[in-house]
Every structure is written in structure tokens, then in C-alpha cells.
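**Student:** First the structure, then my questions, so here it is.
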Amino acid sequence: MALVQKYGIVKLQIIGMPPMVCTTNPDDIEVFLKSTLENPIRIGFACLKSVRLRAKDNYFNKNTGLLSENGDEWWRLRSRVQVPLLRPKNVAMYLPAVDGATNKFLDRIDLLQAETGQVPSDFMQEIYKWALECIGLVALNRELGCLEPNISPDALPAQLIRHINGIFSGFNGTEMNFPFWKYFRTPSYTKLETSHAAALELTAGAIREAQARLEEAKALGDPNRQLTVVRIVADLYISIMETLLNTEGLSRSDVATMIIDMLFAGVDTTLAMSFNGVTSRMEEYFPQPLEFLPQRWQRDRPYGAIHPFASLPFSHGTRICIGKRLAEQEMYTIIIRMLQKYTVTFESDEEMKVKTQLVLKPATQLAFKFHPRN
Ligand code: HEM
């Protein structure tokens with residue numbers, strides 16, 4: 001990252017990886033993204049692919065999901081899941097449930113602050129719980145209960161949090177280091193494998209339930225009865241999970257990979273910016289880049305024109321983040337609800353720093369204080 005910042009464009013050769021060209025120039029980024037529209041290849045997630053290829057009883061039938069596939073297999077999935085997941089109407093039907101989860105999160109903040117007047121040092125884990133609760137509504141079609149005050153270690157949310165954390169830590173140990181796991185089974189690879197298998201078991205259970213409901217509805221001869229969305233949402237619509245299960249050309253294991261990818265990609269990214277986060281923090285493209293100046297995005301661009309490829313946190317083109325609309329809905333909801341309820345201050349002398357762990361995340365304690373508004 002430091003080299004790219006210094007030289008603007010660098011060619012990197014990391015052992016075990018194909019050569020890479022990294023640039024912070026938005027014109028180059030535009031050319032690169034536009035020229036790969038037809039066949040966008042993403043390297044990475046090789047360990048996830050390996051885990052799925054070796055899954056028990058060949059559960060995934062050698063199809064490893066959106067995150068790790070490329071070419072025709074990636075497009076077979078992408079073309080079937082992108083409409084259900086990106087259509088604004090489908091995303092909006094989860095808004096009341098996301099709002100409900102967000103209000104519970106704010107109640108939890110009150111509880112966490114009750115004793116010391118400040119949120120605990122592991123507040124990041126609390127944010128993950130909120131993110132998991134929100135994405136669980138869509139991916140697993142249910143309220144998980146991650147924000148309940150005392151979760152028993154055997155309860156579903158506690159198990160899921162453990163398995164998703166296990167996937168992250170296994171992933172960081174394999175994907176972010178020299179790929180020793182390709183030569184022997186490293187502890188991180190084993191962690192990824194066992195956590196993934198456990199998450200799959202929970203996911204497969206939720207899929208079986210949804211499928212049973214669909215079959216029951218069909219048996220009753222009333223196709224409209226399929227419209228059994230999440231209990232907590234108006235039951236006028238069909239849930240995204242049921243839509244995927246009903247989509248021709250998608251197998252049950254395709255739906256399972258999609259759900260695990262959503263849980264995995266949808267929790268950790270809630271705090272993320274993509275690699276062009278470097279470009280987004282360059283004076284050349286954004287005056288006073290480290291200042292919080294939301295007005296810079298106003299239509300009349302009071303701080304000058306913005307290059308359309310200078311800040312693309314969700315990427316662009318055919319491989320754009322499939323959870324973009326869901327993520328935006330979650331972020332708008334939490335920002336609105338939080339600022340309606342509190343004035344937020346940052347109570348630390350240390351400046352907020354970030355680190356890269358697959359995505360950018362805070363490297364300093366989230367020492368926020370939430371002051372209720374009168
Ligand atoms: C602030 C939140 C998020 C950010 C900044 C983000 C960012 C990204 C980026 C940069 C990519 C890569 C696109 C590329 O390779 O060109 C991506 C892909 C992906 N994201 Fe997100 N994401 C976020 C939230 C989510 C959520 C909530 C989900 C859950 C549905 C999700 C699911 C995925 C999946 C499955 C892919 C792979 C898509 C594909 O390869 O076709 N993301 N995301």
C-alpha cells in the first residue's frame with residue numbers, strides 16, 4: 001500500500017500469486033474496469049474454493065460460489081442471483097426488519113453504556129452482531145437474536161457468531177499470508193474448514209425449512225402461499241431465499257454457497273472500503289481528503305468535480321458487490337437512527353487508524369460515546 005501511495009503505479013510479484021499491477025490513478029482504474037466487463041476475473045478466495053472442493057460427500061458438486069468462481073461458472077450463478085439481490089423492491093421489503101434490528105442495537109448500546117458511561121473496548125464485536133442480525137434476515141430468512149442481552153453459548157446466534165468469526169480468522173491466516181496451506185494443512189486452513197462445515201450445517205437446516213414451506217404451499221395447490229417471507233416482514237412478498245430456491249438452474253448447494261458467502265461477505269464488510277480507499281484519500285482527487293465533508297458529494301460539488309472512478313467502495317461493472325443495496329440500506333438505517341437518538345463523540349486522544357485484513361478495518365479502539373439527545 002505504501003509503495004502504491006509513493007509511486008502511483010507499481011507492479012507487484014508476490015511468490016505464489018500472479019503478477020499484479022496496482023494503481024491509484026482513476027483513469028487507469030476506469031480503463032481496467034471497463035476492459036474486464038465481459039469476463040471479470042478476481043483472484044483470491046483460493047482457500048475457500050479448496051475447502052468447498054474438498055467438502056464432505058462433494059456437497060457443493062465442485063461449484064464453489066460467487067466469491068471464488070470465475071468465468072462461465074461465476075456467470076451461471078451471478079446471472080441467476082443478481083436480480084433477486086439487487087432489485088430495489090426486494091431490498092426495500094427488508095427495511096422494517098432492518099430498522100427493528102437497528103433499534104434493538106441502540107437499546108443494546110444503552111445497556112452497554114449503563115455501567116461505565118462508555119461502550120466496551122470490544123464494541124467492534126457488537127457492530128458485527130448487528131451486521132450479522134441484519135444479513136441473517138435476508139440470508140437465513142429469520143431473526144437470529146444476535147442482539148439479545150444474554151445469549152447462551154449453545155443458542156443459534158452464539159453458534160453462528162463463533163463459526164463466522166472462525167471463518168474470518170481462518171481466512172485471514174490462509175489468504176493474507178504465504179499459501180503454506182497449499183502444501184500442508186495449516187491450523188488456519190483447518191479452522192476455516194471446520195468453521196465452514198459448521199456454518200454449512202446451520203445454513204442447510206434453514207434451507208430445508210424454507211424448502212419444506214415451499215413444498216407445503218405447492219401441495220396445497222396455492223402458489224401464492226409461497227409468499228411466506230420472513231415472519232417479521234409483510235407476508236405479501238416472497239423472501240429472497242425462497243426466490244433463489246425457486247430459481248431454475250440453481251441447486252440447493254448453490255443456494256447454500258450463496259447464503260454462506262452473504263453471511264461472510266456481509267458481516268465484515270460493513271466497516272469496509274475497497275482497495276481504492278487509497279485513491280479516495282488523495283488530495284489530488286479529494287480536497288482535504290481526511291476531513292469529514294459530506295457536502296463534497298452534493299450535486300453542485302462545492303469542493304470541485306469528482307472523478308467517477310476515484311471512489312468505488314463497491315467496485316463497478318458486472319462484478320459489482322452483489323450486496324451493495326442491502327449494505328447501503330443497513331448503513332442509511334443505522335446512521336439515521338443513531339443520529340436521531342444520540343450525539344456521538346469520539347473519546348480518545350489517539351487518532352483513528354485503519355488496517356488491512358482482507359478489508360480495511362479500524363486499528364484503534366472504537367472509543368465512541370453516545371449521548372442521548374433531549
Ligand atoms: C459496506 C459494505 C460492503 C462493501 C464496501 C462491499 C464491497 C465489495 C467489493 C469491493 C466487492 C468486489 C467486487 C469486485 O470484485 O469487483 C464485493 C463483492 C461481493 N460482495 Fe460486497 N461489500 C459490502 C457488503 C456486502 C454485503 C452486505 C453482502 C451480502 C449480500 C456482500 C456480498 C458480496 C458478494 C457475494 C460479492 C461477490 C460478488 C461477485 O463476485 O459476483 N457484500 N463487495
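**Student:** State whether one or more residues within region 39-52 are part of a loop (DSSP other than H, G, I, E, B), touching a Leu at 6+ places or on another chain (Cβ under 6 Å) and either among the charged types (D, E, K, R) or surrounded by 11 or more Cβ atoms within 10 Å (Cβ to Cβ) (or both). Give the derivation first.
**Tutor:** Within region 39-52, the first condition is being part of a loop (DSSP other than H, G, I, E, B), and the residues that meet it are 39-45.
Filter once more, keeping what is touching a Leu at 6+ places or on another chain (Cβ under 6 Å): 45.
Imposing the further condition that a residue be either among the charged types (D, E, K, R) or surrounded by 11 or more Cβ atoms within 10 Å (Cβ to Cβ) (or both) reduces the set to 45.
There is at least one residue in region 39-52 that is part of a loop (DSSP other than H, G, I, E, B), touching a Leu at 6+ places or on another chain (Cβ under 6 Å) and either among the charged types (D, E, K, R) or surrounded by 11 or more Cβ atoms within 10 Å (Cβ to Cβ) (or both).
**Student:** Counting just the residues of region 66-79 that are in a helix (DSSP H, G or I) and within 19 Å of the chain's Cα centre (by Cα), which one comes out surrounded by the fewest Cβ atoms within 10 Å (Cβ to Cβ)?
**Tutor:** So in region 66-79, the residues in a helix (DSSP H, G or I) come out as 71-79.
Next cut, within 19 Å of the chain's Cα centre (by Cα) only: 74, 77-78.
Values: Trp74: 22, Leu77: 21, Arg78: 16.
The selected residue is Arg78.
**Student:** Okay, moving on. In region 249-267, which residues are among the hydroxyl-bearing types (Ser, Thr, Tyr) and within 14 Å of the ligand (Cβ to nearest atom)? If you could, list the steps in order and put the result at the bottom.
**Tutor:** Narrowing region 249-267 to residues among the hydroxyl-bearing types (Ser, Thr, Tyr): 251, 253, 257.
Within region 249-267, just Thr257 meets the criteria.
**Student:** Can you find even one residue in region 323-336 that is surrounded by fewer than 15 Cβ atoms within 10 Å (Cβ to Cβ), within 30 Å of Leu66 (Cα to Cα) and more than 9 Å from the ligand (Cβ to nearest atom)? Reasoning before the result, please.
**Tutor:** First, pick out the residues of region 323-336 that are surrounded by fewer than 15 Cβ atoms within 10 Å (Cβ to Cβ): 328, 331-332, 335-336.
Add one more test, that the residue is within 30 Å of Leu66 (Cα to Cα), and what stays is 328, 331-332, 335.
Subset that is more than 9 Å from the ligand (Cβ to nearest atom): 332, 335.
Yes - at least one qualifying residue is present in region 323-336.
**Student:** How many residues are at pLDDT 90 or above, crowded, with 17+ Cβ neighbours inside 10 Å and in a loop (DSSP other than H, G, I, E, B) when one looks only at region 146-184?
**Tutor:** Residues that pass the stated criteria total 2.
**Student:** Which pairs turn up if I take residues in region 10-39 that are of a type in the set (Val, Ile, Thr) and look for partners that are assigned to a strand (DSSP E or B) with beta carbon separation below 6 Å, at least 6 apart in sequence or on another chain?
**Tutor:** That search, which allows pairs on different chains as well, returns Val10/Cys22; Val21/Lys11; Thr23/Ile9.
**Student:** Looking at (1) within 16 Å of the ligand (Cβ to nearest atom); (2) of a type in the set (A, V, I, L, M, F, W, C); (3) farther than 16 Å from Thr24 by Cβ; (4) modelled with pLDDT under 95, can you tell me which one Phe292 breaks?
**Tutor:** So Phe292 meets the others, but not (1).
**Student:** If I go through region 12-37 residue by residue, how many of them are part of a loop (DSSP other than H, G, I, E, B), within 14 Å of the ligand (Cβ to nearest atom) and of a type outside the set (S, T, N, Q)?
**Tutor:** Selection size over region 12-37: 1.
**Student:** Same structure, new question: Under 9 Å between Cβ atoms, which residue pairs at least 6 apart in sequence (or on different chains) link something in region 358-374 that is farther than 26 Å from Glu175 by Cα and modelled with pLDDT of 95 or more with a partner that is assigned to a loop (DSSP other than H, G, I, E, B) and among the basic types (Lys, Arg)?
**Tutor:** none
**Student:** Mind listing just one residue for me: the one in region 185-208 that is assigned to a helix (DSSP H, G or I) and without any contact (Cβ under 8 Å) to a residue 12 or more places away in the chain and, of those, farthest from the chain's Cα centre (by Cα)? Walk me through how you get there before you give the answer.
**Tutor:** Residues of region 185-208 that are assigned to a helix (DSSP H, G or I), as a first pass: 187-208.
Right, trim to without any contact (Cβ under 8 Å) to a residue 12 or more places away in the chain and you get 201, 205, 208.
Details: Glu201: 20, Gly205: 22, Arg208: 24 Å.
Checking each candidate, the answer is Arg208.
**Student:** Going residue by residue through region 296-311, is there one that turns out to be touching a residue at least 24 places away in the same chain (Cβ under 8 Å), touching a Lys or Arg at 6+ places or on another chain (Cβ under 8 Å) and either β-branched (Val, Ile, Thr) or not in a loop (DSSP other than H, G, I, E, B) (or both)?
**Tutor:** First pass over region 296-311, keeping only residues touching a residue at least 24 places away in the same chain (Cβ under 8 Å): 307-311.
Then drop every residue that is not touching a Lys or Arg at 6+ places or on another chain (Cβ under 8 Å), which leaves none.
The answer is no; no qualifying residue exists.
**Student:** Would you please name the residue that is modelled with the lowest pLDDT, looking only at residues in region 277-289 that are within 16 Å of the ligand (Cβ to nearest atom) and surrounded by fewer than 20 Cβ atoms within 10 Å (Cβ to Cβ)?
**Tutor:** Restricting attention to region 277-289, the residues satisfying the condition of being within 16 Å of the ligand (Cβ to nearest atom) are 277-281.
The next check asks that each one be surrounded by fewer than 20 Cβ atoms within 10 Å (Cβ to Cβ); those that pass are 277-278, 280-281.
Values: Gly277: 75, Val278: 81, Ser280: 86, Arg281: 86.
Among them, the one singled out is Gly277.
**Student:** With the checklist (1) within 24 Å of Trp74 (Cα to Cα); (2) in a helix (DSSP H, G or I) in hand, flag the one item Ile322 doesn't pass.
**Tutor:** Among (1) within 24 Å of Trp74 (Cα to Cα); (2) in a helix (DSSP H, G or I), Ile322 violates only (2).
**Student:** Just wondering, is there one or more residues in region 213-223 that are small (Gly, Ala, Ser) and in a helix (DSSP H, G or I)?
**Tutor:** Taking region 213-223 and keeping what is small (Gly, Ala, Ser), we get 217, 219, 221.
With the extra rule that they be in a helix (DSSP H, G or I), the set shrinks to 217, 219.
Within region 213-223 (the criterion being small (Gly, Ala, Ser) and in a helix (DSSP H, G or I)), the answer is yes, since at least one residue qualifies.
The values are calculated or read from the model by the stated rules, or taken from the named source; none is laboratory data. Since the model is a prediction, treat every value here as computed from it, not as a measurement. Glycine also receives a Cβ, built like all others from the backbone with ideal geometry; neighbour counts cover every protein chain displayed.
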